[in-house]
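Nothing in this text is a laboratory measurement; each read-out follows from the coordinates by a stated rule. Everything quoted here is computed from the prediction, not taken from an experiment. Positions of Cβ are backbone-derived with ideal geometry, glycine not excepted, and every protein chain shown enters the neighbour counts.
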Amino acid sequence: MKFCYIDESGLGSEPYLVMVGVIVDAQRMHKTKEMWDEFLEMLSKVCKKKINEFHTCDFYAGNGIWRGINGPQRAEIISAIINWWGRRKHHLTFTVIEKSSYEELRCNNKILGGCESLWQTAAIHISLSIQKAHKGIGSNKGHTLLLFDRENMEEEKFSNFISNPPGWIDEYYDREAKQKPLDQIIDVPFFADSKQVLLLQVADVIAFIIRRYTEITTGKSKVNYHDEQEKLEKWVRLILSRCYATATRWPAKGLNNVQLMFNSLAPLTIRQL
């Protein structure tokens, strides 16, 4: 059994929305949670203030309580987080949605049922990529419980989608005749406060890094310091080393209509990573 901790970055005015699912084997999740809690305790000592939640956006910019940690130190801490995650040998998947592409598809009535918002579209894509990645895992080892950071406006609609998935999802993962829809997803998704579910904060870190990398490499944003792009490229390479195969997110050959829709929402440079 697996737990997938899911968070997003870019629900504001940013050009891209990125959602990340961090997949942890049930038998190894407790040690990972303990180590992240120890990391927060270390940061609390550095800041001389209790840190219960790590918001990557504020930390990366050095805002608020993070003003006392200079840029190079913050970069070292992010490197340590990404390296630590790689050593834990867990997996992840992610999706990137270019907001202008989404709006264009929606205006042309080419958005599939259930994808009525950016958040829902990203959450559906994450769920389908996990189903596709785990389809061939035997016994119940691929069965996965989805845990999202709270998103009150979206929770009921998305839960209904998972409980009663529309027929179009079958194309995405080549559902077999006797196979139940989304048979690798356990029950309905759960939603929780990231202060209480610590591994949601890890998903937040990775989602922010991928979003920032996407913005810079596609020319949507300028670098904030001289070697920012080099650092982001290094971090993304480490992240990709623990990702499920690109074909589970953005297959390149023999595309059906469902896969074509999700492919059209992501920049080509990201699909080819």
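Place +1 on the Cβ of every Lys and Arg and -1 on the Cβ of every Asp and Glu in the range 2-271, take the dipole about the Cα centre, and give the residue among Met35, Tyr60, Ala133 whose Cα lies farthest towards its positive end.
The residue sitting most towards the positive pole is Met35.
Taking H placed 1.01 Å from N in the peptide plane, check which residues at least 5 places from His91 or on another chain put their amide H under 5 Å from its amide H.
Ile23
Using the Cα gyration tensor of the range 20-167, with a ≥ b ≥ c the square roots of its eigenvalues, what is the shape: rounded (a/c below 1.5), prolate (a/b larger than b/c) or oblate (neither)?
Verdict is oblate for the range 20-167.
I want the antiparallel fraction of DSSP beta bridges within the range 2-271, as a percent rounded to 5.
Around 60 percent antiparallel, to the nearest 5.
Using every pair of alpha-carbon atoms in the range 192-253, split the distances into 10 Å bins beginning at 0 and state the percent of pairs per bin, rounded to integers.
18, 40, 32, 9, 0
Once phi is turned into ³J(HN,Hα) by the Karplus curve 6.51 cos²θ - 1.76 cosθ + 1.60 with θ = phi - 60°, what whole-Hz value does each residue of the range 162-168 show in order, with x for glycine and proline?
5, 5, 10, x, x, x, 5
Charges at C-beta only: +1 for Lys and Arg, -1 for Asp and Glu. How large is the resulting dipole of the chain about its Cα centre, in Debye rounded to 20?
Here the chain has a charge dipole of around 780 debye.
Tell me which residues come under 5 Å, amide H to amide H, from Phe191 once H is placed; ignore anything under 5 positions away on its chain.
When sequence neighbours closer than 5 places are left aside, the close amide H contacts are Phe148.
In square nanometres, what is one fourth of the surface area of the convex hull spanned by the alpha carbons of the range 122-273?
Mean shadow area of the hull around the Cα atoms is 10.6 nm².
Could you work out the relative contact order of the chain, using alpha carbon pairs under 8 angstrom and six or more residues apart, expressed as a whole percent?
Normalised by residue count, the contact order of the chain is 31 percent.
Based on the inverse mean of 1/r over its pairs of different Cα atoms, what is the Kirkwood hydrodynamic radius of the range 1-41, in Å?
12.1
Return the whole-Å distance between the Cα centroid of the range 169-185 and the Cα centroid of the range 216-273.
26
Given the pairs Lys135/Lys178; Lys135/Lys253; Lys99/Lys222; Lys110/Lys157; Lys157/Lys195, which span a C-alpha to C-alpha distance of over 22 angstrom in this model?
Lys157/Lys195
What value does the range 73-147 have for Rg/Rh, both radii from Cα atoms and Rh as Kirkwood defines it?
For the range 73-147, the value is 1.10.
Per-residue HN-Hα couplings for the range 153-159, Karplus 6.51 cos²θ - 1.76 cosθ + 1.60 at θ = phi - 60°, whole Hz, x for Gly and Pro?
6, 10, 4, 5, 4, 5, 4
Pull out the extension gain between Lys89 and Glu155, defined as 0.36 nm times the separation in residues minus the alpha carbon to alpha carbon distance; nm, one decimal.
Roughly 20.8 nm would be gained on extension.
At a Cα cut-off below 20 Å, give the aspartates and glutamates reachable from Lys234, other chains included and same-chain residues fewer than 8 away excluded.
Glu76, Asp204, Glu215
Please name whichever of Tyr16, Asn164, Trp235 sits farthest to the positive end of the charge dipole of the range 2-271, dipole taken about the Cα centre and charges placed at Cβ: Lys and Arg +1, Asp and Glu -1.
About the Cα centre, the residue reaching furthest to the positive side is Trp235.
Any idea how far apart Glu230 and Asp193 come out in nm if each label point goes 7 Å out from Cα toward Cβ?
Those two pseudo-labels are separated by 4.3 nm.
What FRET efficiency do you get for Ser79 and Lys49 if R0 is 22 Å and r is their Cβ-Cβ distance, rounded to the nearest 0.05?
So, using R0 = 22 Å, E works out to roughly 0.45.
Give the Debye-formula value of log10 I(q)/I(0) at each listed q (0.07, 0.10, 0.12 Å⁻¹), with one equal scatterer per alpha carbon of the range 2-271, two decimals each.
With one equal scatterer per Cα and no solvent, log10 I(q)/I(0) is -0.24, -0.50, -0.72.
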